[in-house]
1. Between Arg17 and Ala106, what is 0.36 nm times their sequence separation minus the Cα-Cα distance? Round to one decimal in nm.
2. Is the stretch 247-326 best put as rounded, prolate or oblate by its Cα gyration tensor, with a ≥ b ≥ c the root eigenvalues, rounded for a/c under 1.5, and otherwise prolate when a/b is larger than b/c, oblate when not?
3. Which value at 222 nm does the chain reach when only helices count, each DSSP H run of 4 or more adding -39,500 (n - 2.57), with the total divided by all residues and rounded to the nearest 500 deg cm²/dmol?
4. Return the tail of the calculated pair distribution for the chain, meaning the percent of Cα-Cα pairs more than 30 Å apart.
5. With only alpha-carbon atoms counted, please give the Rg and Dmax of the stretch 91-164, in Å.
6. Kirkwood hydrodynamic radius (Cα pairs, Å) of the stretch 300-389?
7. Against the globular-protein guess of 2.2 N^0.38 Å, express the Cα radius of gyration of the stretch 10-242 as a ratio, rounded to two decimals.
8. If the chain between Asn276 and Leu297 were fully stretched, how many nm would it gain, using 0.36 nm times the residue separation less the Cα-Cα distance?
Amino acid sequence: MRGRIAELHEIKERARRGPSARATEAQHAKGKLTVRERIDLLLDEGSFTEMEPLLQHQVSGFGLEKKRPYTDGVVTGWGTVDGRTVYVYAHDFRIFGGALGQAQAAKILRIMDMAVAAESPLVSLHDGAGARIQEGLPALVGYGAIFQRNARASGVIPQISVMLGPCAGGAAYSPALTDFVFMVRNSSQMFVTGPDVVRAVTGETVSWDELGGADVHAKVSGVATFAYDDERTCIQQVRRLLSLLPSNNRETPPRVPPTDDPNRRCEALPSLVPTNGNQSYDMRKVIEEIVDDGDHLEVHQLWAPNVVCAFARLDGQVVGVVANQPHYLAGVLDIDASEKAAHFVQLCDAFNIPLVTLLDAPGFLPGIEQEHRGLIRHGAKLLYAYCNATVPRVQLILRKAYGSAYLLMDSRSVGADLSFAWPTNEIAVMGAEGAVNVIFRSQIAAADDPGAMRSRLLREYKDELMHPYYSAQLGIVDDVIDPVGTRSILIRSLAALRAKRAGLPSRKHGIPPV
């Protein structure tokens, strides 16, 4: 028995070390960690339990019968992050370049099924070269089964993809189906067709990073939710994100004892937001002033920056913040901003995270390009997301709230539970200048002094239909509040809504705009 036990330990140690010291050195030479170093960073120390470490593929042909390494190029198992169970699978680039084969696919599918059954988050660490070509079609079919499980787990457990190397072809669709995608600059890439294929088909010459690197997907395509400079920072931020999410859709996010006074007055807010609606400011500073200790985790920070989506805490409770960003494009909504905010609203709603919407938008971005690309269709995605959200929802109007942008940014008419406004609010169908030019065009043109006539009508229009208390008088907002009391009012409002129970009509599923 002792001999067998010693043999077992030796085999497992061999599996843990990987194929060779040379392969490990090559991985480190690229500035990349090994698969187990990554898992150790992700999970609490000593908490990892590995599944099927001795698995080997059973395929013959094309030289595979001579290479049957343990794990078959993927390490799977579970551990804890801040004491809560998390399931993991991680590709080992040192073995077959991390390429997916039948045995590896079966191993991944098993851990995915276990994560759903245990109602715990799933984190996938990607560093692989796609389907294992030597195994042919069966390897490709494995991806289909993974995609199916990604889709079934959507909205049930948090799914986080961490891109730590190449991810090409069909392999890229699994991360795209998950809730969050992390990428590392200069070492991770995602694309459906690689640079060689692009050059052969289109004649365009492009590098891996130019085609599908972290900054491309974080700034241009919106595929990457987060992008970081190195693996250690990236994985640490995965842990931070997990601390803000529930384990599944039947739980609420973990509350932490607050260190910030819930009744703290936000004395800086009046000076952070200019009274003049044409002056810009950074909405992030407003968020920092309101939330606990100024701490928030922004989602898709580099993509569609005219809207800010972030996780934060108010009195220790996690909230999702959606806010226009006047610092960029005056905070207008466009196609990308609508999609970004819609996805975030749906994610928060799926995982029982209350929504706080901070509104300061002059409308939607005008232009032929936006209209022809389907601004109406994409804007409807945001509307659809808010209309279907059943979590507690509080809207705060800081300054401009014009037209459909007012409606789509969680107005009471589309289901917000509470709506507040600052004394600087301007809620209207459109800006006063545009409204006066439309309504009084003929009178202004016929006047002896058109400029004076326009100025007088503009003052009258603002005084009658756009004064700060007009919306409150009509019952469109619940109250006009002093900005310094914003934090305490939001906290009290969310506390009152904590037991909210709201349902949707019985249906198989809705049909959102696409």
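1. Numbers: separation 89, 0.36 × 89 = 32.04 nm, distance 2.23 nm.
That pair, Arg17 and Ala106, stretches by 29.8 nm at full extension.
2. On the way: a/c = 3.12, a/b = 1.37, b/c = 2.28.
Since a/c reaches 1.5 but b/c is at least a/b, the shape of the stretch 247-326 is classed as oblate.
3. Details: 20 runs with 195 residues, N = 514.
Counting only the DSSP helices, I get -11000 deg cm²/dmol.
4. On the way: 70943 of 131841 pairs.
Across the chain, Cα pairs with separations above 30 Å total 54 percent.
5. Considering the stretch 91-164 through its Cα atoms, Rg and Dmax are 12.3, 35 Å.
6. Numbers: mean 1/r = 0.0752 Å⁻¹.
Value: 13.3 Å, from the Cα pair sum.
7. 0.96
8. Values: separation 21, 0.36 × 21 = 7.56 nm, distance 2.89 nm.
Length gained between Asn276 and Leu297: 4.7 nm.
Here, each number is a calculation from the coordinates, and none is a lab measurement. Being a predicted model, the structure only gives us computed values, none of them experimental. Cβ sites come from the backbone with ideal geometry, for glycine too, and all protein chains shown count toward neighbours.
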